[in-house]
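Following this message is one structure expressed as structure tokens.
The values are calculated or read from the model by the stated rules, or taken from the named source; none is laboratory data. Just so it is clear, the model here is predicted, and its values are computed rather than measured. Positions of Cβ are generated from backbone atoms using ideal geometry, with glycine treated the same way; all protein chains shown enter the neighbour counts. What goes into the accessible areas is simple: the full protein's heavy atoms, side chains included, and nothing from ligands, DNA or RNA. Shrake-Rupley method; radii C 1.70, N 1.55, O 1.52, S 1.80 Å.
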Amino acid sequence: MRFCVRCGREVADEEIVGNYCVNCYVEYLTPFKDKPRLEVTVCPKCGAWFYKGEWNHPLEENEVLRRIAIGESRHFLREEAEVLDVSVVKPLHKISASEHGVTLNYQLLIKGIHPVSYELEAPVKITYKPCPSCLARAGGSHKALVQVRVEGEADVEKLADEVEEIIVKAGLASSVTEVDMVREGVDVKFEDPVAARKLSSILSRKYGASTTESFRSTRFDAHEGKWRGVITLSVRIPPIHKGVVIEYQGEVGVVEEVSKGMVKIRILETGEHVQTKLSAYWDGRIKVLPKAHLGGRYVVTSVDKNYVYLLNEETGELREVSVKPGYSHLKAGDNVILLSIEDKEYLIRESD
């Protein structure tokens, strides 16, 4: 047992911290050898914050201060104290004509066994400085360009929405300096080539895209002895989506589903379902059949064991098409498209 030098109370040895009992230690000596002072650099345009040599994604102000307070606590705490957590009691406020402050509550552990709470007001120095991404945006500069293109016709606005959604979900937005819709697709400019390569990788996995990379030098960096320039990643997405008529390994089929780099196909002749990678488009196993092969639209009037009977409601034309195993799902009232390829005819239900 030992006595506290401040209050004189007799306590167990483990309750003594630097000759004080825990209560007196917290109240009179305090767990801090120096009063905490926080410094934060914030981008005035996007809210990104700079800490320990790197820019971080924008966060709510109190969360930024909390994280910096935790990260800097070791510089101000006594050796026997460690921080468990910090919470903001009173947000950023003026404490003088030229200085701001924030009231913080530190959850601490003393000597590894005594949890204590300590509240104080810490001065905060705020510096506003544009982050590299915002500087790049302002100057129109970029280090990498991702050119997203869809083979054949494309809905560019829809493509741009999908690409921007991927950028946000992947946490790449802070590195993007510009997104442009062009007639052929979407161009995304990046300040960071690593982020550009990550986007192209995601597009390749999701859409079975083909990617090629090239480099255009703009200047020679004599200090590092290498050329600087712009990396261009050309990302080509195959024109495969639900409802597209394709040829797969010599068989005519219709695309029923596209997901996570895979495509599900129903073979029209047999009704068989097959699944393969979207990348099969690039090695020729999947071929999109031109629209010139599409015939008129018809309504199925009846089906028997030999024929599917069709009516063109616009012209009154009647047609009979031989039954194939792939037509087992057709019934009277279905709207179908007649597809003619060379000397063969196929029926595709429009709801498919």
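Using the Karplus curve 6.51 cos²θ - 1.76 cosθ + 1.60 with θ = phi - 60°, what ³J(HN,Hα) values do you get for each residue of region 8-17, in whole Hz, with x for Gly and Pro?
So the Karplus estimates, Gly and Pro as x, are x, 6, 8, 9, 5, 3, 5, 8, 9, 10 Hz.
Between GLU184 and VAL323, what's the calculated FRET efficiency when r is the beta-carbon distance and R0 is 51 Å? Round to 0.05.
The calculated FRET efficiency here is 0.75.
Roughly how big is region 56-104's charge dipole about its Cα centre, with Cβ charges of +1 (Lys, Arg) and -1 (Asp, Glu), in debye to the nearest 20?
160 debye
Just going by the charge dipole of the chain, with Lys and Arg at +1 and Asp and Glu at -1 on Cβ, which of SER259, HIS93, TYR298 is farthest out on the positive end?
Result: HIS93.
Would you pull out the residues with amide H under 5 Å of LYS129's amide H, same chain only if 5 or more places away, H placed 1.01 Å from N?
VAL42, CYS43
Pull up the DSSP beta bridges for the chain and report the antiparallel fraction as a percent, rounded to 5.
Expressed as a percentage, antiparallel bridges in the chain total about 90.
Would you look at the GNM of the chain, springs on alpha carbons closer than 10 Å, and say which of CYS21, CYS43, CYS131 moves the most?
Of CYS21, CYS43, CYS131, the Gaussian network model singles out CYS21 as fluctuating most.
Also: If you take the charge dipole of region 1-146 about its Cα centre, with +1 on Lys and Arg Cβ and -1 on Asp and Glu Cβ, which of THR30, LEU108, ILE126 is farthest toward its positive end?
ILE126
Angle between the Cα long axis of helix 193-207 and the longest principal axis of the chain, 0 to 90 degrees, nearest 10?
Approximately 40 degrees, to the nearest 10.
Which distance in nm do the two modelled labels at PHE50 and GLU314 give, with both placed 7 Å along the Cα-to-Cβ direction?
So the two model labels end up 6.4 nm from each other.
Here's something else I'd like to know. Pick from SER210, SER200, SER117: which residue has the top mean-square fluctuation in a GNM of the chain where Cα pairs under 10 Å get a spring?
Highest fluctuation among the options: SER117.
Let me cross-check SER328: its accessible surface, 1.4 Å probe, with only protein heavy atoms counted, in Å² to the nearest 10?
We get 100 Å² for SER328.
In the structure displayed, which of LYS45/LYS260; LYS125/LYS169; LYS287/LYS324; LYS260/LYS305 lie more than 31 Å apart, Cα to Cα?
Values: LYS45/LYS260 36 Å; LYS125/LYS169 33 Å; LYS287/LYS324 22 Å; LYS260/LYS305 39 Å.
Over 31 Å apart, Cα to Cα: LYS45/LYS260; LYS125/LYS169; LYS260/LYS305.
Using the heavy atoms of the protein chains and a 1.4 angstrom probe, tell me the accessible area per residue for the chain in square angstrom.
Accessible surface, normalised per residue, equals 56 Å².
While we're on this one: Give me the dipole magnitude in Debye, nearest 20, for region 4-110 about the Cα centre, with unit charges on the beta carbon: positive for Lys and Arg, negative for Asp and Glu.
480 debye
Please list 3J(HN,Hα) in residue order for region 149-164, calculated via the Karplus relation 6.51 cos²θ - 1.76 cosθ + 1.60 where θ = phi - 60°; whole Hz, with x for glycine and proline.
These are the phi-based 3J(HN,Hα) values: 10, 10, 4, x, 6, 9, 7, 5, 5, 5, 4, 4, 4, 5, 5, 5 Hz.
Let me ask something additional. In terms of Cα to Cα distance under 13 Å, which aspartates and glutamates are near enough to LYS331, apart from those fewer than 8 places away along the same chain?
ASP304, GLU350
From the phi of every residue in region 169-177, what ³J(HN,Hα) in whole Hz does the Karplus formula 6.51 cos²θ - 1.76 cosθ + 1.60 yield, where θ is phi - 60° and glycine or proline is x?
Once θ is set to phi - 60°, the couplings for region 169-177 become 4, 7, x, 9, 4, 5, 9, 7, 9 Hz.
I've got another one for you. Please identify which residues in region 237-273 have an amide N closer than 19 Å to a label point set 7 Å out from the Cα of ARG205, following the Cα→Cβ vector.
Answer for this model: 237-238, 258-263.
Charges only on Cβ, +1 for Lys and Arg, -1 for Asp and Glu: so what's the dipole of the chain about the Cα centre, in debye to the nearest 20?
Charge dipole, the chain, about its Cα centre: 1060 debye, nearest 20.
In a GNM of the chain with a 10 Å cut-off on Cα contacts, which of PRO132, PRO91, PRO44 has the highest mean-square fluctuation?
Comparing PRO132, PRO91, PRO44 in a Gaussian network model of the chain, the most mobile one is PRO91.
Got a sec? Charge dipole of the chain, +1 on Cβ for Lys and Arg, -1 for Asp and Glu; which of CYS43, HIS329, GLY243 is way out at the positive end?
CYS43
Also, quick follow-up: Can you list the residues of region 69-87 with backbone N under 20 Å from a point 7 Å past the Cα of ILE126, pointing along Cα to Cβ?
69-72, 87
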